[in-house]
1. Can residue 432 be described as in contact with an Asp or Glu (Cβ under 9 Å, 6 or more places away or on another chain) and not polar (S, T, N, Q)?
2. Before we move on, is residue 365 more than 54 Å from the chain's Cα centre (by Cα) and either outside any strand (DSSP E or B) or not assigned by TED's automatic domain parsing to the domain that holds residue 452 (or both)?
3. Test residue 325 against the stated conditions and say whether it is at pLDDT 75 or above, farther than 22 Å from residue 440 by Cβ and buried (at least 16 other Cβ atoms within 10 Å of the Cβ).
4. For residues that are at pLDDT 75 or above and either touching a strand residue (DSSP E or B) at 6+ places or on another chain (Cβ under 7 Å) or basic (Lys, Arg) (or both), tally how many sit in the range 128-161.
5. Could you grab the pairs with beta carbons closer than 8 Å, sequence gap of 6+ or different chains, first residue in the range 251-267 and on the phi < 0 side of the Ramachandran plot and surrounded by 15 or more Cβ atoms within 10 Å (Cβ to Cβ), second one of a type outside the set (Val, Ile, Thr) and part of a helix (DSSP H, G or I)?
6. I need the full set of residues from the range 436-478 which are modelled with pLDDT under 80, in a strand (DSSP E or B) and assigned by TED's automatic domain parsing to the domain that holds residue 396, in order please.
7. So which residues in the range 180-221 are exposed (fewer than 14 other Cβ atoms within 10 Å of the Cβ), at pLDDT below 90 and of a type outside the set (D, E, K, R), if there are any at all?
8. Residue check, residue 350 against (1) of a type in the set (S, T, N, Q); (2) over 46 Å from the mean Cα position of the chain (by Cα); (3) modelled with pLDDT under 85, all met but one. Which one?
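The values are calculated or read from the model by the stated rules, or taken from the named source; none is laboratory data. All values reported here derive from a predicted model rather than from experimental measurement. Don't worry about glycine lacking a Cβ; one is built from the backbone with ideal geometry, like all the others, and counts go over all protein chains shown.
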Amino acid sequence: MAPGTTYEQNLEGQRLLDENEQLRTALESSLDENMRITEDRDRLLRRVSMLARELQTANSAYARVQETVVAPPTDTDTEEQELRRSQTDEELRVAFEELQVLTEELEVANTSLHQVNAELETRVAERTRDLMDVNAALRRSEARLSTLIEGMPQLLWRAVDGGQWTWASPQWQDYTGQTDEQSRDIGWLDAFHPDDRDAARAAWDSAAAEGGFDFEGRICHAGEHRYRHFRTRASPVYGADGTIVEWLGTSTDVDDLIRLQQQQTVLVAELQHRTRNLMAVVQAVTLRTIKESRSLDDFRRGISDRLEALARVQGLLSRRDLGTRVSFDALLRDELSAHLDVDPLGNAPQVSTEGPIGVPLQSALVQTLALALHELATNAVKYGALASKAGHLAIRWQVLQRGEQSRLLMDWRETGVTDVPAPDAAPRGGGYGRELIERALPYQLGARTSYAFTTDGIHCTVEVDIPSDRTIKETADG
């Protein structure tokens, strides 16, 4: 059965073929009967011709006898000759009567044959048109189904006897590089990963008992020469006696879905870990803000600023592409833009930045480093280089190689500050930023840090590890 042929169309086509066969048989039977009558008539005509010749011969002989014999014939001779002529005449008469009967039968048979032949021609013409219509419908159906099959993303196939393929769609041939002949029988197994072939055979062994075939395995892409995961399923087609006559199956590419599920699992685990860390950070920030606040208004302002900083970093983490990391320049630019207007590179009239773009940060480092940058920027706006027009903030960073480990070194330098506090003076703003830099970053993340007051501002450095899966575009931000 062709892929586009329906069961009902095949039945209709078979019925029309059966009727045509019956008409052909009836016509042949009529022709045979007509031939038999014609043969009988011809045989009788030959018999009549023979008797006529015999009668003519007898009459000629009788006339010659009458002319040549001097003495008149005896009564006995005359009676014998008359008897023979009379018998011949009788045979001839009977033959003529039989010939007349056969001729009448032949005429009736010919008339009937012509009628039957006309009816048969009409019926054959009708059935031929019906067959042409059915065949046209079959061709249209096959064209539609072929178009549908070739447009499907799945790889289609047909099988018998528990996995013996009898047909594979063009998609299978294009994807695997196998010809239709190569995929027949169990040749399709060669397209699967060697580690998945035994499982495929086991799935076929239990398919009949389970009423379906369902298997997930890797199929090799002929063009890319790599394996992708496919969900292969098949449903049985039952015959009139309830037995399975064949299987119709599809193989669907689920590789992207599986990878997304794996990535989702990783993301959920990361989200859970990040949420626990965030709650711990929020708790620590809240306690620290309460400790350094002199009033409820101080607490409200302090906790609001710090929670907004945490919200910004969470936004960065959520906007990043799947599988990528937050870069230092994006984190710095996001924090600076919360305090003043900066250009796409992070520069402003009193701020200059310089360093490679795209230096990735460890996920565990981002929140703490973001809070440290927030404290530095807040203090610079309130008390430092950004509090007066004479001040300037320069932020430089670079990638260093410490043995086999790459590290990011950030240098934060404020200048032009006129009222730098004494080294032993109480820290402005509570000293939370300095505590993050000098204690939290080294303790939690193994960072190397420094924080010092110079004659005209603050000088701070932070050095942290860079993840090994980084991709850094080396450019200068001036």
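1. On the way: in contact with an Asp or Glu (Cβ under 9 Å, 6 or more places away or on another chain): yes; not polar (S, T, N, Q): yes.
Considered against the rule, which asks whether it is in contact with an Asp or Glu (Cβ under 9 Å, 6 or more places away or on another chain) and not polar (S, T, N, Q), residue 432 comes out as yes.
2. Working: more than 54 Å from the chain's Cα centre (by Cα): no; either outside any strand (DSSP E or B) or not assigned by TED's automatic domain parsing to the domain that holds residue 452 (or both): yes.
Taking the combined requirement at face value, the residue does not satisfy it.
3. Details: at pLDDT 75 or above: yes; farther than 22 Å from residue 440 by Cβ: no; buried (at least 16 other Cβ atoms within 10 Å of the Cβ): yes.
Answer is no for this residue.
4. 8
5. 251/172
6. Those that are modelled with pLDDT under 80, in a strand (DSSP E or B) and assigned by TED's automatic domain parsing to the domain that holds residue 396: none in the range 436-478.
7. Once the filter is applied, which keeps residues that are exposed (fewer than 14 other Cβ atoms within 10 Å of the Cβ), at pLDDT below 90 and of a type outside the set (D, E, K, R), the range 180-221 yields 209, 211.
8. All conditions are met except number (3).
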